[in-house]
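Here the structure comes first, spelled out in structure tokens, and everything after it is commentary.
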Amino acid sequence: MTSSMNEVIEKIRRQFKDVSITETDEREVKIDALQENVLGILSILKNEGFSHLSLLTCVDWIENKEFELVYILFSWKDGGKIIVSTRIDRENPKFVTVKHMWPVARFYEREIHEFFGVEFEGNDDMKPLILELWDDIPPLRKDFDPLEYSRKKFPDREYKKDVLQEARIFRGETNG
Amino acid sequence: MVALKVLAVLSTGFFFGLTLEGIGRKVTARVQRRYGPPWYQNFIDLFKTLTKHPITHGWIFDFGVLMALGGVMATLTFVPLGNLVAFPNLDNIFVILYLFAVGALGMAMGMVGSGNPNASVGVARALTQMLGYELPYLVVLSGVMFHYKTSSVSAIMNAQGDGWNLFKMPVGAIVAFISLLGMLGKKPFDTPIAPAEIASGPMVELSGKYMGLLMLMHTFSIFVEISLFVDIFLGGGNYLVFLLKFTIVWIMAVLISAILPRFRIEQVVKFYWKVPLSLAFLQVFFVLMGWVF
Amino acid sequence: MNDLILVLMFGSLASYALSKIKKNIGSWFNFFVLLYVSYMIYKTGVGTEEKFFSFIPGFESVLSLTHLGKFFALVSFLIITTVSLFIPVWIEKKIKMAASFNLLYLLMSAGILGALASGDMLTFYVFWEIMVLASLLIVPMGKEESRKAAVIYVVLSSIGSYMYLYATFLTWERYHTLKFSEIAQGLLSEPSNGFKWLVVFLVAAAGIAKSGLFPLHTWLRITHGNAPDTFSAVLSGQLIKMGAYILAVSLGVFPSLKMFPPLYGGVPAVNYVLIAFGAVSIVLGTFMAIRQNDMKMLIAYSSVANSGYIIIGLATLDSVGFAGGLFHVFNHAVAAAMIFLSFAAVVYRTGTTKIDEMGGLIHRMPWTFITYLVGIISLAGIPPTSGFISKWMIFQALVRKGMFLTAAITFVGSVGSFLYVFRPLAGVFLGQLRSKYKDVKEAPTFMLISMIFLVLLTLYFGVFPGGLLGGIVKVQKELGIPPIQFEGTVIKTPLGQWDTFTVFTMFAVGFIIALILYFLFPKPRKVDLTDQYTAGEYLYTPDLYHYATGFYRFIERLYDRHPSFEKLYEMFSRFFKDIGEGVDTWFYRASSSAYMFWITFVMLIIFWVRW
Amino acid sequence: MKQRSVWEWIADQLRSRSMWMLHYCTGCGAIELPPSMTARFDMERFGINPMATPRQADIFLITGYLSTKTLRRVIYTYEQMPDPKYVIGFGSCTINGGIYYDSYATINRLDLYIPVDLYIAGCMPRPEAIFEAFTTLMEMIRKGEANGWKRYKENYEWYKKNQLRSLGEVYVHDEFHE
């Protein structure tokens, strides 16, 4: 971890009490924070040179009923990468937008809304970005079953079961 | 009698032109170490397109294609093929070149009439390229006309008994050949028909018989351009010798086009107005000074 | 001849009164008067001398129609009458001051007729001023910028007119006569070369200004662009030809061939200066026309280029070149009138002249499209129409005389004309139909009649140029130039010959063969305009898929920083304005005593110098 | 098999020897085509060469998996092609959905939506397989069996019903065009 990243981490550690910082890689730090501190941390990091929001994505923890929003920031000065992540409730997922800090977030948030159903206050442009005429629950949620959807929407080719051929393959006479 | 000659000229243009295009494709294939299609492939392509059920975009689309084919056929009848001359003293160089423009304008109008933006971009490029290669060509031709004191192609052809213009005016012949490449629309100068950028330019909306008629027009226009070059610069003796020279010039053009990549459109105009134009004026200066070998 | 002029003069007053009742009655009256006058011109013989006025002692002005004048008069009145057939329908919707429009229209044609029929320089100048004044007052009736255009138009053409006036005084002071023929004799025996150069140039200056040649061409873009639509047809089709008439006079009537030793290729040095102007205006007109986005300004620049052709044709002064120049006068008059009338019809329906705001109008206005198409085929000089014959003659003359640089520039002009005539064709008529103009209707019938008449005229003279060539031969005999040989439809020149009728029949044969092939094979399926191949995407907004803005952007980029003469002349005008203001502030005091002081001061100067 | 007129027979002979191909590189199969056009395999000796627009194309080569969005464009392009047209499904993704059989976005069987004359099995078949397909297609055309386009015209409603069932709507207003 480079020296400048150390200062930033110390600053955040002093300012925010209940935040867990782990160093996941050579120049990479992961910060788990509560929902209310995320915006503060992000703005500090932005001023400290982490100007590039390289990714904003969402992870579906279905067992403990939570979504995890992950912000990956990258700094061109010292090549360091900081991952800020927070947990939001899965039933009615709602979070505040970072569109004002990074304009690109507008599209990330739109995609997350489309594929996970997370609402972002302040970003009203929630039109579908990638899917056309989608009529089911957001597809990347773990409780969505793609095979069943595919069978419902896209009829398949019926293959007759050729028992003899299968037996021969099983016995290893033909290589199928 | 004249009708018979016109028919002979048109059928030569048709049969000989299409076979030469097939041979050209075979030569390009061999340059790329490929086997290449049979020599009669272009006949099959032509008749196949004519049998399909085409799609049209209104009367101006049809009228443009007809005007293009009619214009180029009319130009072909005025071009002397060796000693086969349909209209002996009416084949004026300016008449042939500007009657050729009827075909070009007809095609341009028809293709833009289809309403496809690719076609308009292609036609704009084609007209710009025409501005590029037409100027040096006309300057060299006016030098030839001034030297021989006549603008009839057959008269110039017969006056080359003692030596081809290729050797009398070598610089002019080179410039004319470079402009010929531009006219043919072969590879280094096929920006208007660039398949990768503008989906084969003006031909984007051509289906079925329109594509066939325009392939026919393309064959006739190639035939007109090369036979003009052969008549003015290579003497073009009797009919068979003329066809032999025609084939040689065509093969050279195909070889060059098999190798060179495509120019960008402003590079085409800049190139034509730098090198060939200055050479053309040099050649005209030689003619004025009377230094004709 | 002067009774015709009087008919036109009083006709203009009558049409003013009639238009007060109802606008188009005046225009219909105009049309019938002009029809009568053109018929009478066709009827009048050549060479009859009639007195006009003689209040200056020792001089009486005379009207005598020469072959040259008659040729130009017939061409001019052909255009004026056809356009006057176009006006009645157009005038209702378009003009605030319709009555004065009709009045000035007839007044201008009276000026034109008088100028063409005048036998001496002073009467010519009088009618010239009437014509300029009348057209000056019509121009500001157009768009909002047309007032500025009218000012520029009048300033530039007055430069030419005053130089012409100065030439009149010079010749009067030297030869005490003003008749063209007598001045020609005088000039022949004139010892001092400088005087001959001066007279020819001063007379030619009026032609250069009026036909928009190189140094004085800046008024063309603004005036054509903003004048009322039908008037720009007359302005470009006919008024520019008055400039060509004066150039023909300064070259043919004052026989520059006999006055000056030939410099190169049998053409004297004076003509070379005019040819240089013509060549520059061809290059300038062509390359500026390719850039324009306003269709009327585009054709205005093409008029600059075509005036260049006319002066080059006339200045070669050999049998083929001079005939080519005169024939091109007719061709450009008819072609420009056709194109501007079709533009007037388009503006009458759509209301805008910007090319990239329109598109696909062919599907709603097919007849206007056909007129425009034949117009540009003739303007670009392509065989079946008459446009090609004149350009062919000019090429033959230039190549035979060995003037290669001028020939190269004319080639640039002719191939460049394919480019700029195609821009409005693709931008306005073809391509995608704009949603705004979905319900545009075809132009009214009378407009179509006048347009189709010009189309038939061009095609007729394209195939049978005999009638026009006969007139040109008479003019050439009168000016002592060896006439052009032609018999039937074969035009012979020392360099080569061709037959317009065979070219037309061969084109027809080719077209019929193509038609047979077309009907031999399966019937096509009609698809509407938005069903295009656009790489798999659907076409909902046709406006996005119309390629018209920056049509030749890739060439325009090569000469974006081109020198602009309009800015140059504007700089001059600002310079003079500043001087004017300076003088104004120093000398002008509101008080009367200052006036008295300056008047006495000037009087003293005059008496002291003993003028 | 309907008896063809002599004219039709001749036309079929011509059509089989000069097929112009529009390869719609939907999936990962497009990489197999350059080797089949260049020196080693040279598709042109059969008279087949690639064309830039559907208007000029006879064969419509669909190479690989088709998502719902691509299928809409494929149907639109198919309808833009002039009439005697043949479709070749290329790779197992067009036959039964291939490795994306359970995805929520890709279709599993192509010939429910547009008539397919010929399938080439293989998770991206090699150029030899492509030429096997081309020669069989040429045979089928000569014998007059390859009339998928007639089937499309005859039971147009059946195809449309299938398309709407899977895609919801073929012509879609998406935000990029307003």
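Since every read-out is calculated from the coordinates, none of them should be taken as a lab result. Since the structure is predicted, the reported quantities are computational estimates derived from the model, not experimental observations. When we count neighbours, we look across all protein chains shown, and the Cβ atoms used for this are built from the backbone with ideal geometry, even at glycine.
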If each DSSP helix of 4+ residues adds -39,500 (n - 2.57) and the sum is divided by the residues in chain A, what number results at 222 nm, nearest 500 deg cm²/dmol? -9500 deg cm²/dmol
Virtual paramagnetic centre 7 Å along Cα→Cβ of C:R525, amide N under 12 Å, in segment B:87-119: none
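Quantify how strongly other chains surround peptide B:188-201 by giving the mean number of their Cβ atoms within 10 Å of each of its Cβ atoms. Provide the component values of the computation, followed by the final result.
On the way: counts 0, 0, 0, 1, 0, 1, 1, 4, 1, 1, 1, 9, 5, 1.
That average works out to 2.
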What's the angle, to the nearest 10 degrees (0 to 90), between helix C:295-316's Cα axis and the longest principal axis of chain C? 60 degrees
Quick calc, segment A:3-142, dipole around Cα centre from Cβ unit charges on Lys, Arg (+) and Asp, Glu (-), nearest 20 debye, gives 460 debye
How well do other chains shield peptide C:514-521, expressed as the mean number of their Cβ atoms within 10 Å of each residue Cβ? 6
Find, among the trypsin sites (Lys or Arg not before Pro) in segment B:20-75, those assigned to loop by DSSP (not H, G, I, E, B) with at most 15 other beta-carbon atoms within 10 angstrom. B:R33
Neighbour cut-off at most 14 other Cβ (10 Å), DSSP loop, trypsin sites (Lys or Arg not before Pro), segment C:517-611: C:R561, C:R589, C:R610
Students often forget the sequence filter, so: which lysines lie under 21 Å Cα-Cα from A:K17 once same-chain residues fewer than 8 apart are removed? A:K30, A:K46
Treat each spin label as a single point 7 Å out from the Cα along the C-beta direction, and report the C:D543 to A:R141 distance in nm. 4.1 nm
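Taking chymotrypsin sites (Phe, Trp or Tyr not before Pro) as candidate sites, keep only those in a DSSP loop with at most 13 other Cβ atoms within 10 Å, then name the longest stretch of chain A containing none of them. List each step's numbers first, then the result.
Working: sites that count: A:W76, A:Y159.
The longest such stretch corresponds to A:77-158.
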Less than 16 Å apart at the alpha-carbon level, and either on another chain or at least 8 residues along: which lysines does that give for C:K526? B:K52, B:K209
Could you list, bin by bin from short to long, the percent of Cα-Cα pairs of segment B:2-289 in 5 Å steps? 1, 6, 12, 16, 19, 18, 14, 9, 4, 1, 0, 0
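Normalise the Cα radius of gyration of segment C:135-285 by 2.2 N^0.38 Å (N = residues in it) and let me know the number.
Details: Rg = 16.9 Å, N = 151, 2.2 N^0.38 = 14.8 Å.
Ratio of Cα Rg to 2.2 N^0.38 Å: 1.14.
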Say R0 is 45 Å: what FRET efficiency, to the nearest 0.05, do C:D439 and C:L13 get from their beta-carbon distance? 0.60
Computed P(r) (all Cα pairs; segment A:3-142; 5 Å bins; percent): 2, 10, 20, 22, 19, 14, 9, 4, 1, 0, 0
Can you list which of the trypsin sites (Lys or Arg not before Pro) found in segment C:415-497 are DSSP loop residues with at most 10 other C-beta atoms within 10 Å? C:K441
Filter on C:K401/C:K474; B:K26/B:K48; C:K179/C:K492; B:K187/B:K245; C:K22/C:K354 - keep pairs with C-alpha separation over 30 Å: C:K179/C:K492; C:K22/C:K354
Please give the average number of partner chain Cβ atoms lying within 10 Å of the Cβ of each residue in B:257-266, rounded to a whole number. 1
Largest first and to the nearest Å, give the Cα extent of the protein assembly as shown along each principal axis. 129, 92, 63
About its Cα centre, the protein assembly as shown carries a charge dipole, from +1 on Lys and Arg Cβ atoms and -1 on Asp and Glu Cβ atoms, whose size in debye to the nearest 20 is 2620 debye
Peptides C:528-538, B:179-189, C:238-248: what's the order by average Cβ count within 10 Å, highest mean first? C:238-248, B:179-189, C:528-538
What aspartates and glutamates sit close enough to C:K567 to cross-link, taking a C-alpha to C-alpha distance under 18 Å and skipping anything fewer than 8 places away on the same chain? C:E145, C:D578
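I need the peptides D:52-62, C:328-338, C:444-454 ranked by packing, meaning the mean over residues of other C-beta atoms within 10 angstrom, with the highest value on top. Could the numbers behind the result be given before it?
Numbers: D:52-62: 24.9, C:328-338: 28.3, C:444-454: 19.0.
Result, highest mean first: C:328-338, D:52-62, C:444-454.
With contacts defined as alpha carbon pairs under 8 Å and 6 or more residues apart, what's the relative contact order of segment B:2-289 in percent?
Working: 438 pairs, mean separation 84.2, N = 288.
In percent, rounded to a whole number, it is 29.
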Helix C:193-210 vs. chain C, principal-axis angle (Cα, 0 to 90°, nearest 10): 50 degrees
Peptide ranges B:137-147, C:70-80 listed from the most packed, as the mean C-beta count within 10 angstrom indicates: B:137-147, C:70-80
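What does the helix-only formula give at 222 nm for chain C: each DSSP H stretch with n ≥ 4 adding -39500 (n - 2.57), the total divided by the residues, and the result rounded to the nearest 500 deg cm²/dmol?
Numbers: 24 runs with 419 residues, N = 611.
Taking each H run of at least 4 residues, the total per residue is -23000 deg cm²/dmol.
Can you put B:V153, B:V292 in order of Cβ neighbours within 10 angstrom, beginning with the fewest?
Numbers: B:V153 24, B:V292 17.
So the residues, fewest neighbours to most, are B:V292, B:V153.
Please express the shape of segment C:429-533 as an equivalent ellipsoid: the semi-axes are the square roots of 5 times the eigenvalues of the C-alpha gyration tensor, given largest first in whole angstrom.
Working: eigenvalues 342, 108, 28 Å².
Semi-axis lengths for segment C:429-533 are 41, 23, 12 Å.
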